[in-house]
1. Taking residue 514 as the residue in question, decide whether it is surrounded by fewer than 22 Cβ atoms within 10 Å (Cβ to Cβ), free of Cβ contacts under 8 Å to residues at least 40 places away in the same chain, assigned by TED's automatic domain parsing to the domain that holds residue 442 and over 32 Å from the mean Cα position of the chain (by Cα).
2. Determine, yes or no, whether residue 463 is buried (at least 21 other Cβ atoms within 10 Å of the Cβ) and either in contact with a helix residue (DSSP H, G or I) (Cβ under 8 Å, 6 or more places away or on another chain) or under 20 Å from residue 523 (Cα atoms) (or both).
3. Please go through the stretch 406-418 and give me each residue that is out of contact with any strand residue (DSSP E or B) (no Cβ under 9 Å at 6 or more places or on another chain) and either more than 18 Å from residue 431 (Cα to Cα) or assigned to a strand (DSSP E or B) (or both), ordered by number.
4. State which residue is farthest from residue 456 (Cα to Cα) when the search covers only the stretch 488-507 and only residues that are touching a strand residue (DSSP E or B) at 6+ places or on another chain (Cβ under 6 Å) and part of a helix (DSSP H, G or I).
5. Being under 30 Å from residue 470 (Cα atoms) and in contact (Cβ under 8 Å) with a residue 60 or more places away in the chain is the requirement here; does residue 378 meet it?
6. Within the stretch 316-357, how many residues turn out to be exposed (fewer than 15 other Cβ atoms within 10 Å of the Cβ) and under 17 Å from residue 385 (Cα atoms)?
7. Quick one: how many residues across the stretch 329-379 are under 28 Å from the mean Cα position of the chain (by Cα) and assigned to a strand (DSSP E or B)?
């Protein structure tokens, strides 16, 4: 017959590979289980070792902070750690346990081989070097993944706490660099220790942090511990004051998808030092941002669903003959807000794909109406690089266009990139699929950023639209004219058509002709309009002949014209 101790051990080992008894100073008193496999030591060689000797240096500070702040008679939420193996490759494990309360405080810890490698979440480029926390971008991605994984399930067991260190500039003036670094390391270790899995905390700005955690975490005590860390490193003992605000990730009147959008947008705003959260108290500021974001998301969805978005068309003409080559579809909200503001908000809340699909549908409707009247036209639609990065979006977009297959070669795709393209190779693969469908591809705002030339090197496109800033300055700034000339020459050598935007004067148009630019768009040739006057189908420009001046040199996969 088994004893009570044996039964308890059996229950413990059912969920763990190793059991450790650790004293209040973090020293192992005893160990049982698969110690040789996980810790590369036999049971009898564990006693007397500090936990820091078993946990890899990247996680030892977090584990130390976790044990220091864990209240008595409290269960330790499992976290992912890396174990020292004696080799260059650490072993991923899950650490859990319980702290007893008595005359001799003890931690009873469990270790189990992790199902997923910790290395996946600890890429050095995703870590803030000073605090060891996730960078703002990596934290947002991590939070997005966790919220997405909770889709269909209740996320009510997760909370998001945002923390700000007030008066940090004054603190930095009072301490030396070593004290500041130590303080940030200790704060980072503490926040990791309190976060879900030990890897759901990030540094969102110089003085701003965020962590996802369970409802068991005492956030007020957490703020006090952060403040105490700063006082311990301050020669005056003043430290910094700490503000915190917590968001319940559980449901309310919002759908799960909208809730995720609101939370992610709020975190981005909090990360912005000049954002509205920086004003007033953190709690009040956060509540204000949340409330305003909820209203904006709901208003945005109403704009998309209640036909409050119109599409205006602006002509793009051939500079050699001033004949309309095609039109660009430009979204125009009927509530008076700026189109750029609306597009930017769509990207920030993750609704770019909905926005792009709606504009595409409206463009197809316009083309269909023109076709029914015996007229014809071709239209360029803007697709965000964020949308093109989604396989679901690309599949949905192709299915939408396939419903009106006659419109495929009448829809040119302008790739917009307010958020930098992360995987050029993957994006190019998508673009070639769309080109094979019959679409021509234009890279928008060429020359606007440092990434433009790597883009044109990696992406096979038919056209580039030159950023209008060069057009505006080319007559008065020789440097801009020289850069514009070089871009046009490069595109000509690559067999890529060029479109200049923001052309407003005859002088600009003549200069662009002299430089060899193919097409132009701007107020000189027509403003965006909701009234469409398309030519009869028989009078449409024969596109195969409209690029005769183009050099015959072509890149792999390039197409001679944007024609039918």
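1. Numbers: surrounded by fewer than 22 Cβ atoms within 10 Å (Cβ to Cβ): yes; free of Cβ contacts under 8 Å to residues at least 40 places away in the same chain: yes; assigned by TED's automatic domain parsing to the domain that holds residue 442: yes; over 32 Å from the mean Cα position of the chain (by Cα): yes.
Judged against the criteria, residue 514 is a match.
2. Numbers: buried (at least 21 other Cβ atoms within 10 Å of the Cβ): yes; either in contact with a helix residue (DSSP H, G or I) (Cβ under 8 Å, 6 or more places away or on another chain) or under 20 Å from residue 523 (Cα atoms) (or both): no.
It is false that residue 463 is buried (at least 21 other Cβ atoms within 10 Å of the Cβ) and either in contact with a helix residue (DSSP H, G or I) (Cβ under 8 Å, 6 or more places away or on another chain) or under 20 Å from residue 523 (Cα atoms) (or both).
3. Residue satisfying the conditions is 406 alone.
4. Result: 488.
5. Yes, satisfied.
6. The total comes to 2.
7. 5
Let's see how each residue does on (1) closer than 14 Å to residue 512 by Cβ; (2) without any contact (Cβ under 8 Å) to a residue 40 or more places away in the chain:
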| residue | (1), (2) |
| --- | --- |
| 428 | no, yes |
| 442 | no, no |
| 457 | no, yes |
| 471 | yes, no |
| 478 | no, yes |
| 481 | yes, yes |
| 492 | yes, no |
| 495 | no, no |
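The values are calculated or read from the model by the stated rules, or taken from the named source; none is laboratory data. If you're wondering where the values come from, they're calculated on a predicted model, not measured in any experiment. Cβ: placed from backbone, ideal geometry, glycine included. Neighbour counts: every protein chain shown.
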